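Comments concern the structure below.
The values are calculated or read from the model by the stated rules, or taken from the named source; none is laboratory data. A quick note: this is a predicted structure, and the numbers were derived from the prediction, not measured. Counting neighbours? That spans all protein chains shown, and the Cβs are built from the backbone with ideal geometry, glycine included. With ligands, DNA and RNA removed, areas are computed over all heavy atoms of the protein, side chains included. Shrake-Rupley method; radii C 1.70, N 1.55, O 1.52, S 1.80 Å.
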Amino acid sequence: MKILDIGEVAQLSGTPASTLRYYEEIGLIASVGRHGLRRQFGPETLLQLSLISLGQSAGFSLRDIAGMFGKDGGPDLPRAELRARADALDRQIRNLTALRDGLRHVADCPAPSHMECPTFQRLVTVAGRRRKTRAGP
């Protein structure tokens, strides 16, 4: 097993050493020892860091991600949570696509004023409804 110095892990993963120390502190990764004052990591740490990055890109918190590693540090992925997150991303993509299309229409709309454009009026109405929904009763 090739042991990697914290500097090597930082360079190979693109993760700053300070972040590696923090991830170790909260239990996301584990060093296998020290060489002087420098932490040493096993090669599996690079996979773990890739999985952490993937989880963050999908919107999972570090606490959520910590629960996705088994006792041995290998991935133990909760399929139901991953499906739910994928469904949430699908909804977000649909909403953002509709918003993008509406904005493009408004930018190119031949109406003399945006307020005369039915598409713009729908965008404003939908945005108002979303704001009320987020604000609650």
| request: Would you mention how many residues in region 36-57 are exposed (fewer than 15 other Cβ atoms within 10 Å of the Cβ), touching a helix residue (DSSP H, G or I) at 6+ places or on another chain (Cβ under 8 Å) and not small (Gly, Ala, Ser)? | output: 2
| note | Exception for Gln11 within (1) modelled with pLDDT of 95 or more; (2) under 30 Å from Cys117 (Cα atoms) falls at (2)
| request: Tell me, yes or no, whether region 58-68 has at least one residue that is more than 29 Å from Thr19 (Cβ to Cβ), open to solvent by less than 100 Å² (accessible area, probe 1.4 Å) and either touching a residue at least 40 places away in the same chain (Cβ under 8 Å) or over 20 Å from the mean Cα position of the chain (by Cα) (or both). | output: no
